[in-house]
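Scroll down for the structure; my scribbles are underneath it.
The values are calculated or read from the model by the stated rules, or taken from the named source; none is laboratory data. For clarity, every value in this text was computed on a predicted model and none was experimentally measured. Every residue, glycine as well, gets a Cβ built from its backbone with ideal geometry; the counts of neighbours run over all protein chains shown. The area values use the complete protein model at the heavy-atom level, side chains included, leaving out ligands, DNA and RNA. Shrake-Rupley method; radii C 1.70, N 1.55, O 1.52, S 1.80 Å.
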Amino acid sequence: MIIDNQKIEKPSCIHVFQDEGEHIIEISFNKEELISMKMMFHGINNLISVTFTSKFSELNIINMKGIFSNCQNLKNVEFQAPMPSTIKDFSFMFDGCKSITELNLNNFNTKNAIDLSYMFSKCSSLKSIQFNSFNNNNVIDMSGLFYECTALTSIDFSKFNTKKDRKSVV
């Protein structure tokens, strides 16, 4: 992994970014080595926008828990290609992202997801979510999915399957 021109042989993606300075970071890594992005950008308040390019879909990531949690100024997350189908944990992914007003999750691949708990919790400015291809057939926990999303006025649940869900959505 390359972070600010420093090579990290075996990347650990937990709390990788600690800088509060404003700069662009290019990350490259061996796709077989990176399986978790858990808490990767957690609490970075000057993070405004993130774009996942088409190469992101080639990864074997299993865990994205809290990747953007408490990024209070994050306004835009763009997925240019489908997400890896290997991801199982999306819990707390956008938790506390108070500046996000809309999310386009049409490129989300959630067919193997089992945990969506608190994924959008405390996104108090979130007004709109698009998830045409959202597959939650294997999800067993969607508790608090939209907890404290006070600006969200309507959601289309017509494609949601809650047969395996053991916990409530809101």
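Of the solvent-accessible surface of the range 44-151, computed with a 1.4 Å probe and all protein chains present, 43% belongs to carbon and sulfur.
Across all directions, the average flat footprint of the convex hull enclosing the Cα atoms of the range 65-138 is 4.2 nm². For the range 107-149, compute Rh as the Kirkwood radius over C-alpha pairs and then the Stokes-Einstein diffusion coefficient at 10 °C and 1.306 mPa s; write the answer in µm²/s, rounded to an integer. Rounded to a whole number, D works out at 145 µm²/s. Once both labels are positioned 7 Å from their Cα atoms along Cα-to-Cβ, the gap between Asn137 and Thr53 label points is 3.3 nm.
If the segment from Ser128 to Ala151 were pulled out straight at 0.36 nm per residue, it would be longer than the present Cα-Cα gap by 7.4 nm. Note on exposure: Leu103, Leu47 ranked by accessible area (1.4 Å probe, complete protein assembly) read Leu47, Leu103, with the most exposed listed first. Met40 contributes about 0 Å² of solvent-accessible surface, heavy atoms of the protein only, 1.4 Å probe.
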